[in-house]
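Peer 1: Structure in structure tokens, see below.
The values are calculated or read from the model by the stated rules, or taken from the named source; none is laboratory data. Here the structure is a predicted model, which is why all the values come from computation and not from measurement. A quick note on method: Cβ atoms are made from the backbone with ideal geometry, for glycine too, and the neighbour counts reach across all protein chains shown. Remember, those area values only see protein heavy atoms, side chains included, never the ligands or the DNA or RNA. Shrake-Rupley method; radii C 1.70, N 1.55, O 1.52, S 1.80 Å.
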Amino acid sequence: MSFKKGVDDGLPIGIGYFAVSFSFGIAGSKLLTWPLITLISMTNLTSAGQFAGLHIMSEMTGTLLEMAIATFFINLRYSLMAISLSQKVSPSFGTFKRLCLGTGITDEIYAVAMSSKVPVTPIYFLGLMLLPYLGWTSGTLIGAVCGEVLPHFLTDALGVALYGMFIAIVVPQMKIHKPTCIAVFISIALSLLFNYAPVLSEVSFGFAIILCAVLASLVAAFLFPIKENA
Amino acid sequence: MSLEVFFKYLFVMAFVTYLLRALPFILLKRQIENVFWKSFLAYIPYTVLAAMTIPGIFKATEFLPASVAALCLATLFSLKGHGLVLVALVACLAVMAVNGLHLWI
């Protein structure tokens with residue numbers, strides 16, 4: 001559980017984050033200057049949350065309350081991961097270290113940390129989050145700078161990279177767990193309604209995402225409670 | 001957008017995200033026992049990402065068939081068990097291919 005082991009385990013995540021945050025930088029460069037977009041990645045380290053946040057910023061109607069609530073629901077899964085990770089860390093992982101390293105709880109870093117056979121030490125976790133953090137912020141910076149100079153056909157294509165990543169997270173779970181399939185399809189159906197139905201399409205992006213996800217998850221949790229530890 | 005407005009949004013985003021991670025990490029030392037809320041939280045990531053992807057991906061490019069191709073190929077490659085990076089790359093390549101074909105024809 002050394003620092004070096006953490007860095008090694010974090011390398012593939014770092015490379016993946018670089019590619020994905022590159023497209024976040026491009027998306028952001030249509031609205032903000034590159035230092036500001038990079039600052040978002042440095043302080044948030046979350047793909048879906050930042051992506052939603054950017055949408056809310058770009059909509060003139062997006063209020064701060066909407067930003068807080070959208071961020072809360074989209075990133076709520078990190079709380080669940082933080083709870084389960086707190087069962088897995090070594091006794092040397094004190095409150096102060098948890099406050100400092102808590103930022104590193106992302107889907108992928110959490111997944112790697114939980115796959116460890118021995119308790120997770122603070123120094124290992126620091127090593128593990130190092131390259132993903134650098135990959136995420138540098139990818140955003142380069143994407144934001146290049147987004148202004150890259151030809152249009154390239155930025156158009158890179159705009160779907162983030163969605164590709166979302167699909168790669170959702171589809172494998174749908175394949176092995178049928179109730180997740182149903183939850184996902186309910187959410188998609190609601191999302192289509194909120195985008196195209198006459199009155200519902202007035203609802204802004206942030207709240208629409210919250211309503212789709214919360215309603216679909218409530219229905220799925222009610223119909224198909226998950227008993228085993230997933 | 002003014003700098004002042006941006007920093008207000010940034011602060012709210014970063015602060016909420018940080019609290020969601022740090023607070024449970026330091027406060028909760030035991031697992032959630034309630035099956036319903038545990039299940040609800042387990043479904044949340046997937047329903048959120050699904051609602052963001054559809055119809056978002058259709059608006060991500062300027063030519064609808066390119067988006068549809070990206071969605072189909074990304075789903076196919078995910079089903080075959082390929083990872084995050086490759087699936088994202090395939091989606092990008094699909095858009096390029098369809099856009100290129102569109103220009104050529």
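Peer 1: Of A:SER217, A:SER138, A:SER191, which residue is within 18 Å of the chain's Cα centre (by Cα), polar (S, T, N, Q) and open to solvent by less than 10 Å² (accessible area, probe 1.4 Å)?
Peer 2: Checking each option against the conditions leaves just A:SER217.
Peer 1: Within the range A:117-126, which residues are open to solvent by less than 20 Å² (accessible area, probe 1.4 Å) and either under 20 Å from the mean Cα position of the chain (by Cα) or hydrophobic (A, V, I, L, M, F, W, C) (or both)?
Peer 2: Correct list: A:VAL120, A:PHE125.
Peer 1: Being more than 9 Å from every other protein chain (Cβ to nearest Cβ) and not in a helix (DSSP H, G or I) is the filter here, so list the residues in the range A:16-54 that pass it.
Peer 2: A:LYS30, A:THR33
Peer 1: Would a scan of the range A:55-62 turn up a residue that is in a helix (DSSP H, G or I), open to solvent by less than 50 Å² (accessible area, probe 1.4 Å) and within 22 Å of A:THR137 (Cα to Cα)?
Peer 2: So far as the range A:55-62 goes, yes, one or more of its residues are in a helix (DSSP H, G or I), open to solvent by less than 50 Å² (accessible area, probe 1.4 Å) and within 22 Å of A:THR137 (Cα to Cα).
Peer 1: Still on this structure, please answer the following. With respect to B:PHE6, determine if the residue is within 24 Å of the chain's Cα centre (by Cα), of a type in the set (A, V, I, L, M, F, W, C) and closer than 29 Å to A:VAL184 by Cβ. Quick ask: steps written out before the conclusion?
Peer 2: Details: within 24 Å of the chain's Cα centre (by Cα): yes; of a type in the set (A, V, I, L, M, F, W, C): yes; closer than 29 Å to A:VAL184 by Cβ: no.
No.
Peer 1: To continue, here is another question. Against the condition at the interface with chain A (Cβ under 7 Å from one of its Cβ atoms) and in contact with a Ser or Thr (Cβ under 7 Å, 6 or more places away or on another chain), how does B:ALA42 come out, does it pass?
Peer 2: It is false that B:ALA42 is at the interface with chain A (Cβ under 7 Å from one of its Cβ atoms) and in contact with a Ser or Thr (Cβ under 7 Å, 6 or more places away or on another chain).
Peer 1: Can you pull out every residue in the range A:55-67 that is farther than 14 Å from A:ILE209 by Cβ and at pLDDT 80 or above?
Peer 2: Passing the criteria: A:MET57, A:SER58, A:THR63, A:LEU64, A:LEU65.
Peer 1: Shifting gears a bit: Would the range A:218-230 turn up any residue that is assigned to a helix (DSSP H, G or I) and within 29 Å of A:PHE22 (Cβ to Cβ)?
Peer 2: Within the range A:218-230 (the criterion being assigned to a helix (DSSP H, G or I) and within 29 Å of A:PHE22 (Cβ to Cβ)), the answer is no, since none of the residues qualifies.
Peer 1: For the range A:63-80, give me the residue count where each residue is part of a helix (DSSP H, G or I) and more than 8 Å from chain B (Cβ to nearest Cβ). Explain how you work it out, then say what you get.
Peer 2: Pass one, the range A:63-80, residues part of a helix (DSSP H, G or I): A:64-74, A:76-80.
When the remaining residues are screened for being more than 8 Å from chain B (Cβ to nearest Cβ), the result is A:65-66, A:69-70.
Final tally of qualifying residues: 4.
Peer 1: So which residues in the range A:147-176 are in contact (Cβ under 8 Å) with a residue 40 or more places away in the chain, closer than 17 Å to B:LEU49 by Cα and more than 7 Å from every other protein chain (Cβ to nearest Cβ), if there are any at all?
Peer 2: Within the range A:147-176, A:LEU162 is the sole residue that qualifies.
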